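This report refers to the structure that appears directly beneath it.
The values are calculated or read from the model by the stated rules, or taken from the named source; none is laboratory data. Bear in mind that the values here come from a model prediction, so they are computed numbers and not experimental data. Note: ideal-geometry Cβ built from the backbone for every residue, glycine included; neighbour counts use all protein chains shown. To get the accessible areas, we keep the full protein, side chains included, count just its heavy atoms, and leave off ligands, DNA and RNA. Shrake-Rupley method; radii C 1.70, N 1.55, O 1.52, S 1.80 Å.
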Amino acid sequence: MKGQAAIVGVGELKPVRRTGGVTTLELIARVAREAALDAGLEPSGIDGLLVGPQVGLTPQHVPATVAEYLGLKPTMANVVDLGGASGAGMVWRAAAAIDAGMCDAVLCVLANHRDDAAPRSPNRNPIREFDVPFGASGANVSYALLMQAHMAAYGCKAEDYARIAAAARANAQRNPDAIFYGKPSSVEDVLASPMVAEPLHLLEIVMPVAGGEAVIVASAARARRSPRPPVHLLGAGEKVTHRAVSQASSLTSGPLKPAMARAFGQAGLGARDVDLLSLYDCYTIMVATTLEDAGLCPPGGFGAFVRDNGLGFDGTAPLNTHGGQLGFGQPDLAGGMTHVVEAVRQLRGEAHGRQVRNARTALVTGNGATMGEATALVLGAAA
Amino acid sequence: MTDALAGLEVPGPTVTPLTEPFWAEAGAGGLSIQRCGSCGRAVFYPRAICPHCWGDALRWEAASGQGRLKSFSTVRKPGHPGWLPAAPYTVGLVELAEGPVMLSLILPGPRPVRVGDALVLAPTDIGGRVLPVFRLDATA
Ligand SMILES: [Zn+2]
């Protein structure tokens, strides 16, 4: 992976709660345009396309539908369907396709519209057959089960998890685009918020929003001509283990553990070496487990880590400086890509008002399903 | 609680020909799991091949109905609106005595449940169909 393809452009839409008839394809087009402008690329210079599934919209032929809408004629196109790990999963796939000589510049794009009457998806799969009839619909219950198991195994306290949500809200106060900009929350606020599925409080759960995120990954040759400082992919790791939480081999450690180990191995770095932690945070428990799986603290030790470190841009362990999804909002699958886009901003030195001093390297994680889809990236600033 | 469960209007299982024996046995108050004829391990949920060794000689057997609570959550805001009349209710991950883990409903008992509790099968009508749910095992 080292030092070849690079991220040369990013785009991001300000999250909103409702889109009022705007389609996902329109949002994809707007955020792709932003990324191309940022990269200084003409559409004709983009010859690779990675998109997410378009649930309820385009069940099949998704890359062709998006390429047609954007007027692209890519020589590599695919759907990356790894839930919240899709954004990070796209980045290494783009780099690998470029290294394989299949294309030169890849648009990685995720966006979602959000209307009032969302159709219930017509699932026909094991999680629908064997979980839903017992009252376990949606991700909240799955992550509540993971959190309860983590608490029981290690005796961690509710306020330790709540501190992660409060820190995300605090960081969101430095990001005017965040859905919770102007709305900080204390640990006490988090603990006082309604219990949704015990032990998960409402403020420990991401708020669903509409939005869009895009990055453009390009060859080393093209990156050298880029108007923005390129951000290099130093290492990547991935692991996919299960869909339903009942099928998880561990409830307290996930597939991000080996994925991060591989990414750090390729980069020749350790978790303590990176300047920014850009960690997937659908729920507070996800951050807790990721900190432990990264080896930043022992299993069950995340509470001391988040108590003893400053998690802001100027702290000892800057974590999700854009507010994370807990503070920024979760634009469906694009939520995972917010962690990539923020890492690029920080490594370019363009995170205005929240710039981590001398940010040279970042860990980005993506997570999907019930802690069963994992992608880790180690990104590095231009030399 | 159990009367309220019977009256729920909630989605039932999406039964397939392969899984039909599981749901038929569940409807009769039992719990069927598969066992692999090649590696001997128990399998849940029902599959066409063994997820451990890919052997395809899977046989149905009656499970003991004994299990251990691996984790649980008391749901206050259900993901499906049909479950609202039953909330709060508890779902759990039940590690069956035979090995596999299944998600199920945990009926209210004499005390709140804890991770590690012994559980026993307690077939219960949910929304007009008898499903394999669990309760605290008073004998354990
Ligand atoms: Zn087998």
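Brief remarks follow.
- Within the range B:100-124, tally of residues that are open to solvent by 30 Å² or more (accessible area, probe 1.4 Å) and within 12 Å of another protein chain (Cβ to nearest Cβ): 4
- Looking only at the range B:36-69, and only at residues there that are closer than 25 Å to B:VAL130 by Cα, within 14 Å of another protein chain (Cβ to nearest Cβ) and open to solvent by 40 Å² or more (accessible area, probe 1.4 Å), the one that is nearest to the ligand (Cβ to nearest atom): B:ARG47
- Yes/no for A:ARG272 being of a type in the set (D, E, K, R), under 25 Å from A:VAL109 (Cα atoms) and open to solvent by 30 Å² or more (accessible area, probe 1.4 Å): no
- Selection of the range B:70-85 for residues being open to solvent by less than 60 Å² (accessible area, probe 1.4 Å) and more than 7 Å from chain A (Cβ to nearest Cβ) yields only B:GLY82.
- Out of A:ASP314, A:ASP332, sole residue that is open to solvent by 20 Å² or more (accessible area, probe 1.4 Å) and on the phi > 0 side of the Ramachandran plot: A:ASP332
- Qualifying residue in the range B:83-94 (condition: in contact with a Gly (Cβ under 7 Å, 6 or more places away or on another chain), within 16 Å of the ligand (Cβ to nearest atom) and at pLDDT 95 or above): no
- Those residues of the range B:125-136 which are open to solvent by 60 Å² or more (accessible area, probe 1.4 Å) and more than 16 Å from B:PRO11 (Cβ to Cβ), in sequence order: B:ARG135
- Subset tally (residues that are hydrophobic (A, V, I, L, M, F, W, C) and facing chain A (nearest Cβ under 10 Å)) for the range B:14-35: 4
- Residue within the range B:26-35 that is part of a loop (DSSP other than H, G, I, E, B), open to solvent by 70 Å² or more (accessible area, probe 1.4 Å), farther than 12 Å from A:PHE130 by Cβ and away from the ligand (no atom under 16 Å from the Cβ) present: yes
- Qualifying positions in the range B:89-99 - within 18 Å of A:PRO133 (Cβ to Cβ) and more than 7 Å from chain A (Cβ to nearest Cβ): B:THR90, B:GLY92, B:VAL94, B:LEU96
- Residue within the range A:155-162 that is under 24 Å from the mean Cα position of the chain (by Cα), of a type in the set (Phe, Trp, Tyr) and either at negative phi or not assigned by TED's automatic domain parsing to the domain that holds A:VAL206 (or both) present: yes
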